[in-house]
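Peer 1: Please read through the structure below; I'll follow up with questions.
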Amino acid sequence: MASITLDNVVKTYPDGFTAVKGVDLDIADGEFVILVGPSGCGKSTLLRMIVGLEDITDGELRIGDEVVNDKAPRDRDLAMVFQNYALYPHLTVYENIAFPLRLAKGQYTEEQIDERVRNASKLLELDEHLQRKPANLSGGQRQRVAMGRAIVRRAKAFLFDEPLSNLDAKLRGQMRTEIARLQRNLATTTVYVTHDQTEAMTLGDRVAVLRRGELQQVASPRGLYDQPVNLFVAGFIGSPPMNFLPGIVEGDVLRLPIAEVPLDDRLRAAVGDRDIVIVGIRPDSFEDADTLEPDRAGAGVHFEADVDVTEWLGEVLYAYIPFETHDAVRQQLEDLDRDLDGEGMRSQLIISLDSVSTVRAGDTA
Ligand code: ATP
């Protein structure tokens, strides 16, 4: 096993497009790091450079202490699991898993191969299907065969490129837990590309957020959620997404489209000497005033608003509340929107309530 270090890594494709713009990332031995970001941000390019399927234009890639920029993929001793599994249709499950060992000609005896294949297939609960061909397996089983092939090699690191995106929601949930368990048991360094919020927030020790080829923040899931370094990370991490509201500072109050908030010391420090700010509020920071315990009835800022649409998901209810934007801040919101690739300006507030008494569409909340 090994650490993976990226030092100012750049990728410019032959057509001149720079997909990765100087990324620094230290992945510790045994660590599980998730790469997330919008479509086209360079996640797969970064992963493919690590595994050696793509040349590195500039910068340095180290596995352990060794610089591997010019090392062939097969000599890097990394195992990659793809979205489409990349299984051989004419080979049985057994032979698919054994494949990388057979490829290393003469390095393993038949007994060693057999032992490794059987151990991996037990771990992945594939032992009953070893003689089947991939066409006769479910999507989840195919994904496990692809993982088995990565495991038997005892590679220095696992690289996953959206491995679960072809599975339905339920199976994705199961496989997610299996990958987490497997990684914990094997303690193999793992880099995992996804754009699934749940995978990003639950699987990794740390999450690296990429945007337009640049690393925005690398932190624990909790760290990203609670302390995003910029508006992009704030808006990207979390589902439903953080609300961005324009705020106008007037004396001792902050005027938001939904309410006036008194500026206490903490808010005053955050606002500084600005008179227009963007206020980020997570949907789960709201509560239904009717369900507050009596001792908290005076807490927070109360507001009333018309609820447009509600969505009930079992343990939470999302309520959508349209708001009007003051002319003075319209330009700022449009700039923000452009900055965030259309993800910024929302003319409605999303609130998420877990103890719901009364809120329905058409109500005043
Ligand atoms: P997705 O989530 O959609 O898979 P991604 O974050 O994995 O996206 P990449 O596949 O790494 O994105 O691509 C990053 C950028 O590089 C994209 O803008 C893409 O169009 C561009 N790109 C990828 N391959 C090439 C290539 N061979 N030549 C030129 N540009 C490329």
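Peer 1: Can you name the residue in the stretch 1-43 that is more than 23 Å from MET201 (Cα to Cα) and away from the ligand (no atom under 13 Å from the Cβ) and is also modelled with the lowest pLDDT among such residues?
Peer 2: Filtering the stretch 1-43 for residues that are more than 23 Å from MET201 (Cα to Cα) and away from the ligand (no atom under 13 Å from the Cβ), the one modelled with the lowest pLDDT comes out as MET1.
Peer 1: Considering only the stretch 138-146, I want to know if a residue exists there that is under 23 Å from MET201 (Cα atoms) and of a type in the set (Lys, Arg). Reasoning before the result, please.
Peer 2: Filtering the stretch 138-146 for residues under 23 Å from MET201 (Cα atoms) gives 140, 143-144.
Still in the list and also of a type in the set (Lys, Arg): 144.
Yes, there is a match, as at least one residue in the stretch 138-146 is under 23 Å from MET201 (Cα atoms) and of a type in the set (Lys, Arg).
Yes or no, residue by residue, for (1) surrounded by 14 or more Cβ atoms within 10 Å (Cβ to Cβ); (2) of a type in the set (D, E, K, R):
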residue	(1), (2)
VAL271	yes, no
ARG274	no, yes
VAL279	yes, no
PRO283	yes, no
PHE286	yes, no
VAL301	no, no
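Peer 1: Here are the criteria: (1) touching a strand residue (DSSP E or B) at 6+ places or on another chain (Cβ under 8 Å); (2) in contact (Cβ under 8 Å) with a residue 12 or more places away in the chain. Tell me which single one SER39 does not satisfy.
Peer 2: Of (1) touching a strand residue (DSSP E or B) at 6+ places or on another chain (Cβ under 8 Å); (2) in contact (Cβ under 8 Å) with a residue 12 or more places away in the chain, only one is false for SER39: (1).
Peer 1: Continuing with the same structure: Out of curiosity, is ASP55 within 16 Å of the ligand (Cβ to nearest atom), over 18 Å from ALA208 (Cβ atoms) and assigned by TED's automatic domain parsing to the domain that holds ASP205?
Peer 2: Values: within 16 Å of the ligand (Cβ to nearest atom): yes; over 18 Å from ALA208 (Cβ atoms): yes; assigned by TED's automatic domain parsing to the domain that holds ASP205: yes.
Answer is yes for this residue.
The values are calculated or read from the model by the stated rules, or taken from the named source; none is laboratory data. Nothing here was measured: the structure is a model prediction, and the numbers come from that model. Cβ sites come from the backbone with ideal geometry, for glycine too, and all protein chains shown count toward neighbours.
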